[in-house]
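Contents: one structure, followed by commentary.
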Amino acid sequence: MNTHSHYVKKLSGVSKFLLPPRPGFCYRGLNFRKAMAVNRSQAKIIRKWSRDGYCTLTLEAPAVAGPARPGQFIMVKVSDHGHPLLRRPFSLHARQGSNVSIFFQVTGLGTSLLARKAEGEEVDILGPLGQGFSVGEAGTKPALVGGGRGIAPLVFLADELRAAGVEPNVFYGGKTAADLPLREELERQGFDVFLSTDDGSLGFGGLVTELFGKRLDSFRPTRLFACGPEAMMENLSALSLREGIPAEFSLESVMGCGFGACWGCVKKIRHRGAAGWIKICQEGPVFAAEDIVWDGEERG
Ligand code: FES
């Protein structure tokens, strides 16, 4: 018997895998020594939107939508033919009733195959997986900073914050105007959105971190939530620590399984002052700024 993907039951199209306990580094007291169940289901694509190499798929997925929290992700089987073999991780981008959306940029074979799927087709998904953002600790004036496709989980977070009575400021940056495909959606929803492009083709001309830094003169966020390229988040992390703004970052990683079985996603994270290798898929992908050991820090 495969001890790491032990089939437990199948009910209403939802299978559950029960993962046995693993010893190891324990982040912030999260106890993964207890067994953890992973939902597997077939989700119908009920809406598809694409533009400039970006795509949003809305999936009918009640087993994911019910328990989903902003910052969590799903693993999607992008091919029915065994290649590519591994599922791909996608942040949950939105939830509407029993549906969830994922938003992604077409960057390789996996995302290209997924972007070719049509409304009405089904995809095999696992989730929701991982640990999300601390919505309840956002305070009254949170700031969300998304770089490129990193905006994906922040839209779900913005929706949940609004549902909790908190209006976030959203900073959204990309290389060019074409890299900000969700700007209209965010503005249509009435969020305060601050745009930046590296080439100056839309909004502030420069990096989103510079824009955020400039706004700090007149705006003091109670908490910062961010997702995007590692260099962007590393800079934001240093700024948040310097300014004393509590911050959380959603880290990207290559993932083989998404639920703690393959050790393909490990990263150095601090816990009580000591750094240890932990699995991003289980104990993240969201971590506090002070706990992340950035690659730049490692290089010195
Ligand atoms: Fe397999 Fe994290 S992706 S352990």
Would you tally the net charge around Phe133, using a Cβ to Cβ cut-off of less than 13 Å, leaving Phe133 out, and scoring K and R as +1, D and E as -1? -2
Segments 278-285, 231-238 sorted - mean Cβ within 10 Å per residue, highest first: 278-285, 231-238
Determine one quarter of the surface area of the Cα convex hull of segment 135-299, which equals its mean projected area, and express it in nm² to one decimal. 10.2 nm²
The residues Arg188, Arg47, Arg183, sorted from fewest to most surrounding Cβ atoms within 10 Å, come out as Arg188, Arg47, Arg183
Could you compute the FRET efficiency for Lys141 and Gln105, with r as their C-beta to C-beta distance and R0 at 35 Å, rounded to 0.05? 0.75
With only Lys, Arg, Asp and Glu charged, each at its Cβ (+1 for the first two, -1 for the last two), find how big the charge dipole of the chain is about the Cα centre; round to the nearest 20 debye. 1160 debye
Apply the Karplus parameterisation 6.51 cos²θ - 1.76 cosθ + 1.60, with θ equal to phi minus 60°, to every residue of segment 192-201 and state each ³J(HN,Hα) to the nearest whole Hz, in sequence, with x for glycine and proline. 6, 10, 10, 9, 9, 9, 4, 8, x, 6
Taking the Cβ of each residue in Tyr172, Tyr54 as the centre, tally the other Cβ atoms inside 10 Å and list the residues starting with the fewest. Tyr54, Tyr172
How high is the relative contact order of the chain, in percent, counting Cα pairs under 8 Å that sit 6 or more residues apart? 15 percent
Under a point spin-label approximation (7 Å from Cα along Cα-to-Cβ), what is the Gln96-Glu184 distance to one decimal in nm? 1.5 nm
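Under the classification rounded if a/c is under 1.5, otherwise prolate if a/b is larger than b/c and oblate if not, where does the chain fall, given a ≥ b ≥ c as square roots of the Cα gyration tensor eigenvalues?
oblate
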Can you tally the net charge around Val193? Count Lys and Arg as +1, Asp and Glu as -1, for every other residue whose Cβ sits under 11 Å from the Cβ of Val193. -2
I want to check the label-to-label distance for Glu290 and Thr176. Put each point 7 Å from Cα in the C-beta direction and report it in nm to one decimal. 4.3 nm
Electrostatic dipole magnitude of segment 141-221 [Cβ: Lys, Arg +1; Asp, Glu -1; Cα centre; debye, to 20]: 180 debye
What ³J(HN,Hα) values, in whole Hz, does the Karplus curve 6.51 cos²θ - 1.76 cosθ + 1.60 give for segment 161-172 when θ = phi - 60°, with x put for Gly and Pro? 5, 4, 4, 8, x, 10, 9, x, 8, 10, 9, 9
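Pull out a ≥ b ≥ c, the square roots of the eigenvalues of the alpha-carbon gyration tensor of segment 59-198, then state rounded if a/c is under 1.5, prolate if not and a/b is larger than b/c, and oblate in the remaining case.
On the way: a/c = 2.16, a/b = 1.39, b/c = 1.55.
It is oblate, given that a/c is not under 1.5 and a/b is not larger than b/c.
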Taking H as built 1.01 Å from N, whose amide H comes closer than 5 Å to the amide H of Gln72, not counting residues under 5 places away? Leu92, Phe133
Going by Cα centres, segment 72-136 and segment 225-300 are how many Å apart? 21 Å
Starting from 0.36 nm per residue, how many nanometres of slack lie between Lys117 and Leu216 once their C-alpha separation is accounted for? 31.4 nm
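Any read-out appearing in this document is the output of simple, stated calculations on the displayed coordinates, not a laboratory observation. What you are looking at is a predicted structure, and each value in this text was computed from that prediction instead of being measured. Positions of Cβ are backbone-derived with ideal geometry, glycine not excepted, and every protein chain shown enters the neighbour counts.
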